[in-house]
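The values are calculated or read from the model by the stated rules, or taken from the named source; none is laboratory data. Small disclaimer: the values here were computed from a predicted structure and weren't measured. In this analysis, Cβ positions are derived from the backbone assuming ideal geometry, glycine residues included, and neighbour counts consider all displayed protein chains.
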């Protein structure tokens, strides 16, 4: 049975070029000394300019630079591989072992590694060179050692991330031993990033070893690598003959470039986010005009959405042409499971569609604002307010609460800092926030989830908006806090006639809070129903019935939760409806 | 029916997530300063031990290695006594440290000058190149990376993304000394625009002779860091709090500068800290191309001459410079976001 | 021999030390009868996750005793601990991260059977049998987690948790990350398996309706202390402690719920 790859491997052109180049360099490294050693070491006329016979000229001793540069490849690559091997192998061992130590030992080791990482690698290499003297082997050891702290640190970071994944703690719970945890779970999940790091280390080692040879501390005569050749070319350069530097300089750059392309290519191939994304076009008016208008809308409608279609830029439909309206002062709930399209619908109306999606509609209006056309940001910010699901990430961690909460008042209403602050403080008191003055000066992470949601609601209400779009605002909260938040929303709706578009996957919440409910599934609105009628008996669409039936109740316990096959029932219902349509 | 709000227990989920323990209100900066000062002292101690060990770790008999291959036995023994290599290890270390604390870094074998003087003469050149280089990198790379990041977010202007990636990628693979060589070819020789080799020891810090070395030093790091910034801009812009700010319909300028930039800078500086202190190493090598009389050429010459007092002194000084650069980056980070002051050096 | 599968007495769990100490469980005493399912409800900060971890041995109690199957867990040696693992299993919450993306489903289940020497070939029959039990197709054994939905992965997690036929299972928020329809299927599956295997279970959830559906008895945890416990019917219809009452009144659809 073939092993399915974890992800499809993304062959970018950069990756291919990198592999090809490195392969070519390796080939040159292996073959060149056999073929070209003679030309490389034969003494000829000195310091000749480039010609047909000597493509890159000759150096001060009369060696042919073209041949010499190519022959130098082998030594350079071998030294680089040696240094990389030292850094990678020892670095990985140290990095992984640190995470198997008990907590105290781990912390101390990480601090030690950190201090060593802060030490410039080249300096460490110079110290080793000072101890061991100049030469090729000391240079390899020096650069290898210099690379260990960084590799160990990066490995330790990776190991930290992976060891905190749930599958590792689950494996531990099952009784898997430490060694097996490392070999079976940690290393395979670290392999890809480590390989990328190794490629980057290869590029850096190449540069560093050539640097040492360049200043005379690395390879010594009669051996020569790229750096040594560059070192020999320096006097010629200063005497006005730069041709001698071309060979080694070009080869250093090519090899470094190849290693970098390989590293970046591997990183891109592994990153699921690196997929091709084309820029979205935002929300536009649909070309078909008023073709598929829904049933007539009452005059009290404040929000009107007609034939909203949302799809990915690749064409996959996510919301398949829905139409609905919200009356002034009404609380409308949109309920559905994941993938139903409810959040996307809300974000479309808010004109906050995420990247990578296109949307069209016949019309979309809020009050007298045309949401498909140009809207004055000042007006929109004060007419429409938003409350989001995850209070943990909704606020900017770098700014204080006060700054963020007063942003809309100061920017769009022109209120001064002190006036805006007073308004928000009052709003915070209205939502029953404890110690409001203190909260204004705190950062988001100092508040709990419930407090952050209250702050969000306070800011949302401060502009007396006509509509609030609430996207799963209580999903991440405890049930008692949820009740408080729902109470707030209901009160604000009652006291200020603010309309609310309430998105949720919890049909119980929606039923308790909303006046009217839209049930979405697979990008379509399958039912539009009065909240009071949201029961298995009164719902009309099979999906709604199934959803209600599958929801456990806190008031009674069933032997088994019915899992109804609503799709067949829905298809039958649609077929019957069509027949009736035809019969008329 | 009203629910009783006067429930005796406080509703759960309303406790602050981190429940910060209000210890005595000490400024985080004071804690930071105390900790980092301790860190610097610790780094100094480690460097002292390291420099001391350089001579001790020489394979074989240090006195033989230092005296040279054709020294006679008497000469070797004289050298051994002169360097104090015949004393027990702890006493050698004690002498080393006592001298150090009195400001005596020893005398150069090669030049018979106090090491402190040699270092004092050479330090300004290296420090100038490294520090000016770091400032240039930050001032250029961050706005550049952010600009590209904003322009290419969400797949826009794919051509710009590819072009930027290609150019920075290519320039990044050219090591500093190769870049220096190229610049010499292009500017000093080809156009003859910039003065290349004023007579050694008459170069004044800040003269035009520093343009090429600094340019050669900064190009690589500018490319590396601007790529980091570009990637981080993409990441930051996808965060929820940016969506919140968009929901508040804030102008693009405010959005990027006030909401995105602080978070961007925090991650960027954390990642770039190592690159910046690594520029010190780059500066040391580039000096060789331009024969600048700095610590780089100094230490290389000392290693080739096996002039150990000079090597030890320079390792100490260079190590402290690196530690200071890291400290400066952390201070900068602390100014942007005071929460990082409490963090361990990550 | 008592007819309790699991018993905790005055369990205290404290993290950190000195002035930084946080007491998460402040002396909890409870029990789960053999073949019974006890639901554990509590909000954030109640300590229910910590209790789960203490039961499976991830967290060491500061004081108090835990007795499982008549054996006091504090007296276990290393070797005993391994055999205890075969009697107590946990089904984790997150179906998306509890399976290693680089191991096949078969390997994941084999690892549960023999953690020292996971061997898919050797235990193939057992694995296939369990996949059938949780209504997953046979070819699942060679496929990778990313090929399956959340609900399917949770079925695999259940199979992995039950493959050793443990006597006591801790189910930690196993349906919290699932859609309602998928949740219903999983709950029905768990109910069936409970009966067939005569499992004793501690079912942890913040969702009061789910807990009611699943449990014979209920324990209400608040800030590290048990404020109420008893048969589910009783606790839900006639709660005694004010916190339990406020908790139940907060659930939309409950008789005491009101937001007007």
In region A:474-504, which residues are away from chain B (no Cβ under 13 Å) and either under 30 Å from the mean Cα position of the chain (by Cα) or part of a strand (DSSP E or B) (or both)? A:499, A:500, A:501, A:502, A:503, A:504
Going through region C:104-132 in order, the residues found to be out of contact with any helix residue (DSSP H, G or I) (no Cβ under 7 Å at 6 or more places or on another chain) and modelled with pLDDT of 90 or more are C:107, C:121, C:122, C:124, C:125, C:129, C:132
The lone exception for residue C:21 - which of (1) within 14 Å of another protein chain (Cβ to nearest Cβ); (2) in contact with a strand residue (DSSP E or B) (Cβ under 6 Å, 6 or more places away or on another chain); (3) in contact (Cβ under 8 Å) with a residue 24 or more places away in the chain it fails: (3)
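Which ones in region A:1-40 are touching a strand residue (DSSP E or B) at 6+ places or on another chain (Cβ under 9 Å) and either at pLDDT below 80 or within 14 Å of chain C (Cβ to nearest Cβ) (or both)? I'd like the intermediate steps shown before the answer.
Restricting attention to region A:1-40, the residues satisfying the condition of being touching a strand residue (DSSP E or B) at 6+ places or on another chain (Cβ under 9 Å) are A:36, A:39-40.
Across region A:1-40, the qualifying residues are A:39, A:40.
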Would you confirm whether any residue within region A:172-185 is surrounded by 23 or more Cβ atoms within 10 Å (Cβ to Cβ), closer than 20 Å to residue A:93 by Cβ and within 14 Å of chain C (Cβ to nearest Cβ)? yes
Of the residues C:97, C:46, which single one is within 12 Å of another protein chain (Cβ to nearest Cβ), part of a loop (DSSP other than H, G, I, E, B) and either touching a strand residue (DSSP E or B) at 6+ places or on another chain (Cβ under 9 Å) or modelled with pLDDT of 90 or more (or both)? C:46
Test set (1) away from chain A (no Cβ under 12 Å); (2) at pLDDT below 90 - residue C:195 fails condition number: (1)
Determine which single condition residue A:539 fails, assuming it passes every other condition in (1) farther than 25 Å from residue C:208 by Cα; (2) more than 11 Å from every other protein chain (Cβ to nearest Cβ). (1)
Quick check: is even one residue across region B:95-102 in contact with a helix residue (DSSP H, G or I) (Cβ under 6 Å, 6 or more places away or on another chain), part of a helix (DSSP H, G or I) and either more than 28 Å from residue B:213 (Cα to Cα) or within 14 Å of chain A (Cβ to nearest Cβ) (or both)? yes
Those residues of region C:100-124 which are within 26 Å of residue C:84 (Cβ to Cβ), more than 8 Å from every other protein chain (Cβ to nearest Cβ) and free of Cβ contacts under 8 Å to residues at least 40 places away in the same chain, in sequence order: C:106, C:107, C:110, C:114, C:117, C:119, C:120, C:122, C:123
Restricting attention to region C:178-191, does a residue exist that is surrounded by fewer than 22 Cβ atoms within 10 Å (Cβ to Cβ) and in contact with a strand residue (DSSP E or B) (Cβ under 6 Å, 6 or more places away or on another chain)? no
Among (1) over 19 Å from the mean Cα position of the chain (by Cα); (2) more than 9 Å from every other protein chain (Cβ to nearest Cβ) - the single one residue C:139 does not satisfy: (2)
Can you name the number of the only condition in (1) surrounded by fewer than 19 Cβ atoms within 10 Å (Cβ to Cβ); (2) within 11 Å of chain A (Cβ to nearest Cβ) that residue B:245 fails? (1)
Evaluate the following for residue A:348: is it in a helix (DSSP H, G or I), within 21 Å of residue B:238 (Cβ to Cβ) and at pLDDT below 95? yes
Looking only at region C:224-243, decide whether some residue is within 11 Å of another protein chain (Cβ to nearest Cβ), out of contact with any strand residue (DSSP E or B) (no Cβ under 9 Å at 6 or more places or on another chain), in contact (Cβ under 8 Å) with a residue 40 or more places away in the chain and farther than 27 Å from residue C:70 by Cβ. no
Mind checking which residues of region A:357-381 are surrounded by 18 or more Cβ atoms within 10 Å (Cβ to Cβ) and touching a helix residue (DSSP H, G or I) at 6+ places or on another chain (Cβ under 6 Å)? A:359, A:381
Which numbered condition in (1) surrounded by fewer than 22 Cβ atoms within 10 Å (Cβ to Cβ); (2) touching a helix residue (DSSP H, G or I) at 6+ places or on another chain (Cβ under 7 Å) is the only one that residue A:414 fails? (2)
Can you confirm whether residue A:207 is in contact (Cβ under 8 Å) with a residue 24 or more places away in the chain, assigned to a helix (DSSP H, G or I) and at the interface with chain B (Cβ under 9 Å from one of its Cβ atoms)? yes
Within region B:283-290, can one find any residue that is without any contact (Cβ under 8 Å) to a residue 24 or more places away in the chain and farther than 25 Å from residue B:156 by Cα? no
Taking region A:212-260 and keeping residues assigned to a loop (DSSP other than H, G, I, E, B), in contact (Cβ under 8 Å) with a residue 60 or more places away in the chain and facing chain B (nearest Cβ under 8 Å) leaves A:216, A:217
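Residue-by-condition table, conditions (1) in a helix (DSSP H, G or I); (2) facing chain B (nearest Cβ under 7 Å); (3) under 29 Å from the mean Cα position of the chain (by Cα); (4) crowded, with 24+ Cβ neighbours inside 10 Å:
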position: A:104; (1), (2), (3), (4): yes, no, no, no
position: A:109; (1), (2), (3), (4): yes, no, no, no
position: A:114; (1), (2), (3), (4): yes, yes, yes, no
position: A:126; (1), (2), (3), (4): yes, yes, no, yes
position: A:154; (1), (2), (3), (4): yes, no, yes, no
position: A:157; (1), (2), (3), (4): yes, no, yes, no
What about residue A:134, is it surrounded by fewer than 21 Cβ atoms within 10 Å (Cβ to Cβ) and within 7 Å of another protein chain (Cβ to nearest Cβ)? yes
Can you tell me which of (1) over 21 Å from residue A:498 (Cα atoms); (2) out of contact with any strand residue (DSSP E or B) (no Cβ under 6 Å at 6 or more places or on another chain); (3) away from chain B (no Cβ under 11 Å); (4) modelled with pLDDT of 90 or more is the one residue A:396 doesn't meet? (3)
Answer yes or no: is there a residue in region A:80-87 that is modelled with pLDDT under 90, under 30 Å from the mean Cα position of the chain (by Cα) and in the same structural domain as residue A:178 (by TED's automatic domain parsing). no
Anything in region C:145-188 that is part of a loop (DSSP other than H, G, I, E, B) and facing chain A (nearest Cβ under 8 Å)? List them, or say none. C:179
Exactly one of (1) surrounded by fewer than 22 Cβ atoms within 10 Å (Cβ to Cβ); (2) over 21 Å from residue B:161 (Cα atoms) is unmet by residue B:235. Its number? (2)
